[in-house]
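Undergrad: Please read through the structure below; I'll follow up with questions.
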Amino acid sequence: MKRFVLAVACIAFSAPLWAQKMRVPPHAPAGAPTVHTITGSPLTLDIGDDTSMQVYNSNVPGTGQFYPPGCNPGETADWGVFAGIGGVIYGPDFNNHPCGSASNSYTPWTVVSFTPVSGTGTAVDPFTQVIVVDAGTTGLRLTETLTYVNGSATANIALAFSNVGAGAVTWDTFDGADLFLADNDAGFPFATPPTASGSHGADASCTTQLQYTISVLGTTPADRYSANGYSTVWSEISAGSLSNTVAPGCLDDGAALEWTARTLNPGGTLTINSGVSFTGQAVPQGAIVPTLSPLGLAALILLLAVVGYVLVRRMSLGA
C-alpha cells in the first residue's frame, strides 16, 4: 500500500488494482539527497544531488508529476538517471529518500559536486542546475546539466559522461520515471522511438484518455524504450535492458529510455541529450474548450443585459 496505515489500507482494497503500490514507508534517513529548486513557470523542479527529481506543473496544479505526488516541498520523487556497467546499475538512492519512493537494489551514485541553481530563466540565460556524480570506482563520471526556460513545457537534460579512470569503460544509460499524470496515478502508455516514451493521462475511472502527456525525451535518439507498468519499468532498468514494448490499455505506468553500449577510453568524453516534457491539459481527448475574444465577451454581456431587461419589463407589465 502507499502508506502502512489501516484506514488507507481499507480504502485501497476497494480501489482499482492499478492504484495499489508497494512502497517504502515515509522516513527521514541521514542519506536523503540534497535538493535545489528551480522555481519557474509553468514548471517548478525539485532536483536532488543523486539525479532524482520532482516536477510541479501549474497547468495541472495540486500534485507532483512523478510518484509520490504529495511529498513535502524540497523532496524528490521517482525520476532518475542510471548507468549500467558490468551488471551493476548505478542510480538515485531511492531507498534513502524521505518520501516513500520505490524500493530498489540500485547502487547509489557517488556525489562529487552539486552547485546552486544559476540563471534567470530566459532563453539566453536559462535556469541551470549541474550535478556531478561517479559510478563508484569504475572511472565513469556523469555531469548532468538540467536547464529550464520560463514558459516552456520541457526541462532539457544534458548527460555529459567522462572517463576519469585508468581503463576503458562501456555502459548503458537510462532515464526513467514512475509517472503521476495530472492528478491521477494512471495513464495510457505510448512510445515514439527513438525520440520519446511516455503516457497520456486518464480520468479517475480510467475510462477516458486525457490530452495531458508526460514524455521522456530522446533528443539524442535512444536505442531502446519501455512504456509499461511502473514496476516493469523499474525491473527492466534493474536488469540492464529495456524491452521495446508498450503496455496496452490504462494502468499505473512509467516510462524509460536507454542508450546502449557507449564506450570511453581514459580521458574521453561523450554527451547524451535528453529531457522530459509536460504538455496539454487534463481534459478528455478531442474535447473543445470554448474561449471568447474580448469582443465576443462584450457581445455576450450585452446580450445578457438585454435579456435581463426584457424579463424585468415583462414582470413589471404583468404585475
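None of the figures in this text is laboratory data; all of them are computed from the coordinates on show. Everything quoted here is computed from the prediction, not taken from an experiment. Reconstructed Cβ throughout: ideal geometry from the backbone, glycine too, with neighbour counts over all protein chains shown.
Undergrad: Could you tell me which of rounded, prolate or oblate describes segment 30-159, using a ≥ b ≥ c as the square roots of the eigenvalues of the alpha-carbon gyration tensor, with rounded for a/c under 1.5 and, failing that, prolate when a/b is larger than b/c and oblate otherwise?
TA: Taking the square roots of the gyration eigenvalues as a ≥ b ≥ c, segment 30-159 is oblate.
Undergrad: Right, here's the next one. When each pair of different Cα atoms in segment 157-221 is counted once in the 1/r mean, what is the Kirkwood radius in angstroms, to one decimal?
TA: Final number for the Kirkwood radius of segment 157-221 is 14.1 Å.
Undergrad: At a 10 angstrom cut-off on C-beta neighbours, averaged per residue, how do the peptides 171-184, 72-85 rank from highest to lowest?
TA: Most protected by this proxy first, the peptides run 171-184, 72-85.
Undergrad: Still on this model: Where the Cα atoms of segment 184-226 are projected onto their three principal axes, how long is each span, largest first, in whole Å?
TA: 35, 14, 13 Å, listed from the longest principal axis down.
Undergrad: Which number do you get for Rg(Cα) / (2.2 N^0.38 Å) in segment 71-142?
TA: 1.29
Undergrad: Under the classification rounded if a/c is under 1.5, otherwise prolate if a/b is larger than b/c and oblate if not, where does segment 89-197 fall, given a ≥ b ≥ c as square roots of the Cα gyration tensor eigenvalues?
TA: Verdict is oblate for segment 89-197.
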